[in-house]
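I have placed the structure first, in the form of structure tokens, so that the comments after it can refer back to it.
The values are calculated or read from the model by the stated rules, or taken from the named source; none is laboratory data. From a predicted model like this one, the values you see are computed outputs, not experimental measurements. No Cβ is skipped: glycine too gets one built from the backbone with ideal geometry, and neighbour counts run over all protein chains shown. For the accessible areas, the whole protein counts, side chains as well, though only heavy atoms, and no ligand, DNA or RNA atoms are used. Shrake-Rupley method; radii C 1.70, N 1.55, O 1.52, S 1.80 Å.
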Amino acid sequence: MALPQPAPRATVLVTGASSGIGEQIARRLADLGHGVTLVARRADRLQALATELHRATGVTVTVRPCDLGDDTARTALIEEQRAADVHVSGVVNNAGFGSFGRFDGLPLEREQAMVRLNVLALHELTGAFLWPMVEAGAGAILNVASVVAYQPLPGFATYSASKSFVQTFSESLHAELAGTGVSVTTLSPGPVATEFGAVAGVGRAEDMAPGGMSVPAQDVAAAAVRGMLHGKRTVTPGVATKGMVLGGRLIPRTLLLPAVKRAAGGRLRNP
Ligand SMILES: NC(=O)c1ccc[n+]([C@@H]2O[C@H](COP(=O)([O-])OP(=O)(O)OC[C@H]3O[C@@H](n4cnc5c(N)ncnc54)[C@H](OP(=O)(O)O)[C@@H]3O)[C@@H](O)[C@H]2O)c1
């Protein structure tokens with residue numbers, strides 16, 4: 001068993017629900033009748049989505065604005081959810097961002113903020129909501145990694161390392177939890193057209209890979225929710241994405257690293 005059937009006093013917490021993959025996952029879950037709790041910083045976007053989803057599906061949609069990179073705000077969110085009269089039957093740890101450039105030229109504070117969000121927040125939310133699920137003998141966590149989790153990526157050093165953490169951590173938990181009724185699924189998308197590229201400073205994420213390799217956010221979300229429902233260990237949407245994962249695993253680093261650096265062009269040259 002993985003994500004339990006929808007229930008009136010149960011909710012699936014979705015982080016990063018104000019855009020991109022997280023928004024699509026929230027839409028998919030609501031379509032299937034699950035109550036959802038939408039978390040991100042942009043409250044106006046969450047509110048608009050909540051109104052639309054409730055009207056369209058009738059499910060209970062809760063809006064909970066939160067900067068998950070802020071320790072105090074994150075702790076408050078966790079305590080509030082625990083005290084609430086609603087059971088968190090699923091958690092989608094999707095909020096995350098990247099930044100492109102040579103590490104020594106990037107603002108260290110932003111790189112650290114990335115580790116706080118992509119790694120620490122995901123780790124803490126997983127830990128906070130896992131044990132009540134194990135006690136109940138049911139529940140599902142979806143942690144969003146990336147194809148770059150499988151390889152080092154010059155130009156995205158902190159980001160690729162953060163996603164390797166997510167991948168390794170989540171796959172270990174999946175094995176640990178076998179037989180408990182609770183699953184942890186890792187989602188590893190390739191390039192997806194969202195706000196990711198603009199936030200990372202690379203333009204459009206989908207332009208970073210050869211044509212046709214990008215998978216629409218809606219399809220990524222559908223595959224992710226299917227994976228959660230079936231308690232799958234990993235979800236890698238798209239044939240080309242699976243190829244990228246294989247390449248990242250098998251191509252020797254001595255070939256891979258210079259090739260990736262060359263692909264980044266002049267943007268990683270010495271100053
Ligand atoms: N797009 C891709 O090509 C791609 C590929 C592989 C993996 N991914 C991963 O997929 C996940 C979703 O990214 P996306 O592509 O959908 O990008 P996106 O459109 O930029 O969405 C990122 C989401 O994270 C939220 N977020 C960012 N900082 C936050 C913070 N401090 N506190 C709370 N929420 C925060 C954003 O909301 P607010 O700004 O409103 O807070 C937004 O809802 C990320 O983990 C990303 O690393 C993306």
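Apart from one condition, residue 182 fits all of (1) more than 9 Å from the ligand (Cβ to nearest atom); (2) surrounded by 15 or more Cβ atoms within 10 Å (Cβ to Cβ); (3) more than 26 Å from residue 27 (Cα to Cα); the exception is (3).
Could you please let me know if residue 114 is of a type outside the set (D, E, K, R), under 20 Å from residue 71 (Cα atoms) and crowded, with 18+ Cβ neighbours inside 10 Å? Show your work before the answer.
Values: of a type outside the set (D, E, K, R): yes; under 20 Å from residue 71 (Cα atoms): yes; crowded, with 18+ Cβ neighbours inside 10 Å: yes.
So residue 114 passes the test.
If you filter segment 18-29 down to residues that are within 6 Å of the ligand (Cβ to nearest atom) and more than 9 Å from the chain's Cα centre (by Cα), you find that the one that is surrounded by the fewest Cβ atoms within 10 Å (Cβ to Cβ) is 19.
Output the residue which, of all residues in segment 188-228 that are within 19 Å of residue 267 (Cα to Cα) and not hydrophobic (A, V, I, L, M, F, W, C), is farthest from the ligand (Cβ to nearest atom). I'd like the intermediate steps shown before the answer.
Taking segment 188-228 and keeping what is within 19 Å of residue 267 (Cα to Cα), we get 196-210.
Adding the requirement that they be not hydrophobic (A, V, I, L, M, F, W, C) leaves 197, 201, 203-204, 206-207, 210.
Details: 197: 7, 201: 12, 203: 12, 204: 9, 206: 7, 207: 10, 210: 14 Å.
In this case the residue turns out to be 210.
Checked against the criteria, residue 2 counts as modelled with pLDDT under 95, more than 10 Å from the ligand (Cβ to nearest atom) and open to solvent by less than 30 Å² (accessible area, probe 1.4 Å).
Take segment 168-179 and flag every residue that is open to solvent by 10 Å² or more (accessible area, probe 1.4 Å) and either at positive phi or within 15 Å of the chain's Cα centre (by Cα) (or both).
Those that are open to solvent by 10 Å² or more (accessible area, probe 1.4 Å) and either at positive phi or within 15 Å of the chain's Cα centre (by Cα) (or both): 168, 169, 171, 179.
Among the residues of segment 45-96, those identified as under 19 Å from the mean Cα position of the chain (by Cα), more than 25 Å from residue 135 (Cβ to Cβ) and not small (Gly, Ala, Ser) are 45, 46, 49, 63, 65, 67, 70, 71.
Between 45, 116, 64, the distinction of being in a strand (DSSP E or B), of a type outside the set (Phe, Trp, Tyr) and more than 22 Å from residue 176 (Cα to Cα) belongs to 64 only.
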